[in-house]
Amino acid sequence: MSKRTFGLCVVQVGGIQPEDSRAEVVQRLVSLMRSAHARGADLVVFPELTLTTFMSRYWFDDQETIDSYFETEMPSAETAPLFETAAELGVGFYLGYAELTSDGHHYNTSILVDDTGRITGKYRKIHLPGHSDNKSELAYQHLEKKYFEVGDLGFGVFESQGLKIGMALCNDRRWPEVYRALSLQGAELVLLGYNTPMDVPGWQEEPHTKMESHLLSIRAGAYQNAVWVAAAGKSNTEDGVYMIGGSAIASPSGEIVARAQSDEDEVVFASIDLDYAQSFRDSVFDFSAHRRPEHYSIIIDRIGRGEPLPVPGFNS
Ligand code: CDT
């Protein structure tokens with residue numbers, strides 16, 4: 001059996017505080033990238049909105065304050081060390097950040113950068129959770145729907161470092177359509193960053209199931225689509241709010257092959273065999289042989305739950 005090994009790292013970041021400057025955060029990420037390289041990383045995955053604290057927990061009225069959390073260029077003077085280190089070490093990376101475009105659009109974005117420091121792909125988050133109204137009675141809110149527009153780039157797959165790589169961000173990992181859209185384009189690797197606070201308004205999961213549903217989502221996405229999934233989160237407390245951690249790599253068998261042990265900064269490494277996916281693609285998930293899209297139209301036609309469809313002899 002063939003083997004194409006690749007050094008994959010998810011870098012968990014143990015919380016960014018409101019007072020941490022971009023320059024401090026970038027230095028921290030550079031040092032984590034160096035540790036990842038020392039472990040054998042070819043590619044490093046950083047979390048969602050990595051450069052600042054998770055601003056969606058705060059209600060801001062003032063556009064200048066809001067925009068201060070966003071990047072207007074990438075790389076910028078402040079983020080350039082990440083690109084320079086990537087090129088120096090020959091390590092690619094995925095980075096989540098808040099993007100303000102030159103024509104005034106705000107997106108929750110990730111980029112893919114190859115081992116020469118060149119941007120090879122971009123994704124703008126499509127599943128934005130939370131709310132846009134001011135729930136001022138709460139200590140912390142989840143205002144992604146206020147601060148970000150729905151991404152306009154679709155689910156892209158990019159050739160980078162000799163691989164086909166798809167990207168997603170945080171809440172996307174809970175939606176099976178995301179992995180399917182990427183795997184139908186031949187993605188071998190799905191990279192995603194996340195911020196999952198323990199307390200989210202209106203999200204009534206038992207605390208112990210938060211980690212379970214996170215791991216279940218990436219494992220199911222990996223297995224059902226015969227892809228590797230690498231998920232990097234922020235963890236520990238940010239401004240007193242706990243984020244779940246559990247940064248992990250899931251294989252096409254649906255197993256977690258590496259997982260953070262702490263809720264601090266941590267480099268999680270796996271030497272993965274990219275060809276391991278092939279046996280799944282040739283058998284149980286041979287899409288060409290087994291998928292039946294003529295029976296999937298309801299997935300496109302409906303957004304919310306509705307009445308049962310007519311079935312001949314029933315429901316008419
Ligand atoms: N950042 C992000 O998308 N976080 C969400 C938590 C709240 S959604 C109920 C997540 O899915 O982890």
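All of the numbers you see were taken from the coordinates with simple rules; none came from a lab. Quick caveat, the model's predicted, so the values are computed rather than measured. FYI the Cβ positions are ideal-geometry reconstructions off the backbone, even for glycines, and counts take in every protein chain you see.
Close amide-amide hydrogen proximity is noted between Tyr242 and Met198, Asp199, each under 5 Å apart and 5 or more residues distant or on a separate chain (H modeled in the peptide plane; Pro and chain starts excluded). Near Thr53, no amide H atom lies under 5 Å from its own; only residues 5 or more places off or on other chains count, and H is placed 1.01 Å from N. Shown in residue order for the stretch 230-235 are the 3J(HN,Hα) couplings computed by the Karplus curve 6.51 cos²θ - 1.76 cosθ + 1.60 at θ = phi - 60°: 10, 10, 10, x, 7, 8 Hz (x for Gly and Pro). Neighbours of Ser251, meaning other residues whose beta-carbon lies under 15 angstrom from its beta-carbon, give a summed charge of +1 when Lys and Arg score +1 and Asp and Glu score -1. A Cβ-based charge dipole, computed about the Cα centre of the chain with Lys and Arg at +1 and Asp and Glu at -1, lands at about 1140 debye. Between the listed residues Thr109, Asn134, Val227, the Cα displaced farthest toward the positive end of the dipole of the chain, a dipole computed from Cβ unit charges relative to the Cα centre, is found at Val227.
Scalar couplings 3J(HN,Hα) for the stretch 306-316, obtained by applying the Karplus form with A = 6.51, B = -1.76, C = 1.60 to θ = phi - 60°, are x, 6, x, 6, x, 10, x, x, 9, 6, 9 Hz; x denotes Gly and Pro.
If R0 is taken as 25 Å, the Cβ-Cβ distance between Met211 and Trp175 corresponds to a FRET efficiency of 0.85. Scaling against 2.2 N^0.38 Å puts the C-alpha radius of gyration of the chain at 1.00. For the pair Thr120 and Lys145 in one chain, pulling the backbone fully straight at 0.36 nm per residue adds 6.3 nm over the alpha carbon distance. Dipole orientation for the stretch 5-301: of the candidates Ala36, Ala289, Val91, Ala289 has the Cα lying most toward the positive pole (charges on Cβ; Lys, Arg +1; Asp, Glu -1). Run the numbers for Tyr296 and Ser136: contour at 0.36 nm per residue of separation, minus the present Cα-Cα distance, in nm. Separation in residues times 0.36 nm, less the Cα-Cα distance, equals 53.5 nm. Amide H to amide H distances under 5 Å link Arg4 with Leu274, Asp275, Tyr276, where only residues 5 or more positions off or on other chains count and H is placed in the peptide plane. Averaging the Cα positions of each part gives two centres, and for the stretch 250-316 and the stretch 1-60 these lie 26 Å apart.
Note on the chain: lysine pairs with Cα distance below 14 Å, sequence gap of 8 or more or different chains, count 5. Between the stretch 102-146 and the stretch 179-196, the C-alpha centres lie 17 angstrom from each other.
The local environment of Ile16, defined by Cβ-Cβ distances under 11 Å, has a net charge of -3 under the rule Lys, Arg +1 and Asp, Glu -1. Phi angles of the stretch 284-291 translate, via the Karplus equation with coefficients 6.51, -1.76, 1.60 and θ = phi - 60°, into HN-Hα couplings of 4, 10, 6, 4, 4, 7, 10, 6 Hz per residue; Gly and Pro are given as x.
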